[in-house]
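Contents: one structure, followed by commentary.
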Amino acid sequence: QGQFVESGGGLVQPGGSLRLSCTASGSIFRNYFMGWYRQAPGKQRELVAGIMSGDHTQYADSVKGRFTISRDNRKNPLYLQMNSLKPEDTAVYYCNVLDQRLVHNYWGQGTQVTVSS
């Protein structure tokens, strides 16, 4: 088992951009499909972006066209480029595996993203 370390969050004005990064030890990135999740205050954690075999990507409707998930050739780290940020994007962002049977093993501390003027 391993754990992910997220970074890159912060305070940004509406319309701004942030780039989140996620690193992990070991071979976990090579062995599993990966995603970015977020949890806003008072809400359930939700999956916002996923990257699968052949670097096929999927996005939640709320972030489609604004967020981009990617990884380098060695698959580590994992990135989330967030553009045109909105106040409703405010949340703690986590990276984790997409396999819901395993996700509970790997939650890290997350990184706080706050979108506010």
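The values are calculated or read from the model by the stated rules, or taken from the named source; none is laboratory data. Here the structure is a predicted model, which is why all the values come from computation and not from measurement. Here the Cβ positions follow ideal geometry from the backbone for every residue, glycine too, while neighbour counts run over all protein chains shown. Protein only, heavy atoms only, side chains kept; ligands, DNA and RNA dropped before computing areas. Shrake-Rupley method; radii C 1.70, N 1.55, O 1.52, S 1.80 Å.
Quick notes on this structure:
- Total formal charge among the other residues, if their Cβ is under 15 angstrom from that of Gly16, Lys/Arg +1 and Asp/Glu -1: +1
- Counting only DSSP beta bridges whose two residues both lie in the chain, roughly 90 percent are antiparallel.
- Loop chymotrypsin sites (Phe, Trp or Tyr not before Pro), the range 45-117, which have at most 15 other Cβ atoms in a 10 Å radius of their Cβ (DSSP): Trp107
- Per residue, the accessible area of the chain comes to 54 Å², computed with a 1.4 Å probe over protein heavy atoms only.
- Its Cα gyration tensor gives the range 17-72 an equivalent ellipsoid, and the semi-axes of that ellipsoid, as √(5λ) in whole Å with the largest first, are 20, 14, 11.
- Pairs of alpha carbons in the chain whose separation is greater than 26 Å (percent): 12 percent
- C-alpha center-to-center spacing [the range 1-70, the range 71-117] in angstrom: 3 Å
- In sequence order, calculated HN-Hα J values of the range 36-46 (Karplus, 6.51, -1.76, 1.60; Hz; x Gly/Pro): 10, 10, 8, 9, 8, x, x, 10, 6, 5, 10
- Apolar share of the accessible surface for the chain: 45 percent from carbon plus sulfur atoms, 1.4 Å probe.
- Radius 11 Å from Cβ of Trp107, net charge of other residues (Lys, Arg +1; Asp, Glu -1): 0
- Taken one residue at a time, the phi angles of the range 89-104 give Karplus couplings (6.51, -1.76, 1.60, θ = phi - 60°) of 7, 4, 4, 8, 9, 10, 9, 6, 5, 7, 5, 5, 6, 10, 4, 5 Hz. Gly and Pro are set to x.
- Working note: 222 nm ellipticity from helices only, DSSP H runs with n ≥ 4, each -39,500 (n - 2.57), summed and divided by the residues of the chain, gives -500 deg cm²/dmol to the nearest 500.
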